[in-house]
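Structure record follows, encoded as structure tokens.
The values are calculated or read from the model by the stated rules, or taken from the named source; none is laboratory data. Model, not experiment: these values are computed from the prediction. Every residue, glycine among them, receives a Cβ derived from its backbone with ideal geometry; neighbour counts consider all protein chains shown.
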Amino acid sequence: MKRFLLFFGMSVLVSIASNQGFAQIANRITKVVIDAGHGGKDPGALGKQSKEKDIALAVALKTGKYIEDSLEGVQVVFTRKTDVFIELHKRAQLANECGADVFISIHCNSSKAIQAKGTETYVMGLHKTTENLDVAKTENAAIFFEDDYKQQYEGFDPNADEDYILLSMFQSASIDQSINLSSIVQDNLTTDAVMRDRGVKQAGFWVLFKTTMPGILIELGFISNPEEEKFLLSESGQNSLAAAIYKALRKFKSEFEEYNKDLKPVEITKVEKEIELKVFYRVQFASYKKVKSVDFNKFRGVPAIKMYEHDGYYKYTAGNESTIEKAREIKSELEKKGFGDTFIVAFLDEKRISLDEAQRLTENKNQ
């Protein structure tokens, strides 16, 4: 847990720097990754007659077929097409490396309360209920099926509540698009597939955390509910669920491309991409040995709180400014509130850098 946030920031920079140049089509959706949750030795949730991995795969394949047959110019990439185990990090890696425009992960829900039913769609973010956190823990527990998960996930523990606070502090640059897509999917599943609407929710899913494009995770329904399990297992039920997801993607694609129709495709080189990395200035105002929630009582009234780990401490900052002058204003306000030991720190995306390097990068970008 102590290292995985630093690892994330470093891995983003490394993956960007390794690209020698690529075409970025900013105004079109041409490639979609469909991810069937679990698989192989990881069965996922278990119903009386079914396994989550099987239903997820069936609906994923049907969804992909609808897209391939009816959405011209859109390529579908599956994380798996058979009953095989694919590591969580490899699912995200596949989506990133193939240049996907959208990532859709398909799952089934389960509950000790057999009357629980309905569909819900998730985006990456901070859970607001214990129930949302439990769903994320269940899906992230897939990493325990991996032989080297302690090294691969840099200390992330799917069972540790505090790790989800850390995980959710990284908001994807595509969060607005992810929320829009999830809302359309949720509407279609509840109307076309006639599922009970459990809403659009946020939680910390590793597979969404590591993908760099708009991404959602769908919990189709509860296989712990006998009535819903029967529907999820049926050919007609799977067809209606897949069709609803396909129609949602079609609508999202249409709205996205209409909104961005005036944007021109650009070729971004390695150097230009590095310049696109943004420098932000923040004011560090607190440091603790243990993680504190952003609603910690001592943090009240502090704007735009973020946290990073360094030298065994969890350090908290305020603001996220594009200029050092604005950061100085925040520093002054914090001092008025009684925060005595404050200072300005700079970040290149989520990696802390020196103020001198930040100023140099800012000047180069302006030139």
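The number of residues in region 70-92 that are farther than 27 Å from residue 228 by Cα, at pLDDT 95 or above and of a type in the set (Asp, Glu) comes to 0. All conditions but one from (1) under 25 Å from residue 356 (Cα atoms); (2) without any contact (Cβ under 8 Å) to a residue 24 or more places away in the chain apply to residue 320; the one that does not is (2). Selection over region 251-273 of residues that are assigned to a helix (DSSP H, G or I) and either exposed (fewer than 15 other Cβ atoms within 10 Å of the Cβ) or modelled with pLDDT of 65 or more (or both) gives a count of 12.
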